[in-house]
1. Please indicate, with yes or no, whether at least one residue in the range 56-70 is modelled with pLDDT under 85, open to solvent by 100 Å² or more (accessible area, probe 1.4 Å) and out of contact with any Lys or Arg (no Cβ under 8 Å at 6 or more places or on another chain).
2. Just one of P111, P97 is modelled with pLDDT under 95 and touching a strand residue (DSSP E or B) at 6+ places or on another chain (Cβ under 6 Å); which is it?
Amino acid sequence: MIEEGEDIPAPESKKFTRQGLAGGFVLIEEGLSRFAAEDPNIERYTRVARGVMDSLGCYKEILKEKKMVFFQSNLQQYFKKVDMPATEPAAEPPTDPVLVPSTSPAPLDSPAPVSPASSVASSQ
């Protein structure tokens, strides 16, 4: 029985992190590679590995979504919202703000932006 005066600790809410999911996949792949190295029956290992990876599909989707959100939020730090001035007095102002490159420097811990022209030139 629980008395009225007792504080019951609330259970911690669980949530996935990008690093946690990625680390879990690394551990699973390491475990599968151990089985691959020791199992003389290649067909059995292949069947098991495929089953494990197929079963983890829902977690792969969560990781993919987390990566997309992370990438999008990092990209937005290089832009700021500004209102477009009306070019003609009779023109209606735009309803949505426009994103333009930010003049503030990027944080030191973020990677430097790469222009498409420089990445094409370096790959040739």
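The values are calculated or read from the model by the stated rules, or taken from the named source; none is laboratory data. A quick note: this is a predicted structure, and the numbers were derived from the prediction, not measured. Because the Cβ atoms are built from the backbone with ideal geometry, glycine has one as well, and the counts that use them run over all protein chains shown. Surface accessibility is based on the protein's heavy atoms, side chains included, excluding ligands, DNA and RNA. Shrake-Rupley method; radii C 1.70, N 1.55, O 1.52, S 1.80 Å.
1. yes
2. The match here is P97.
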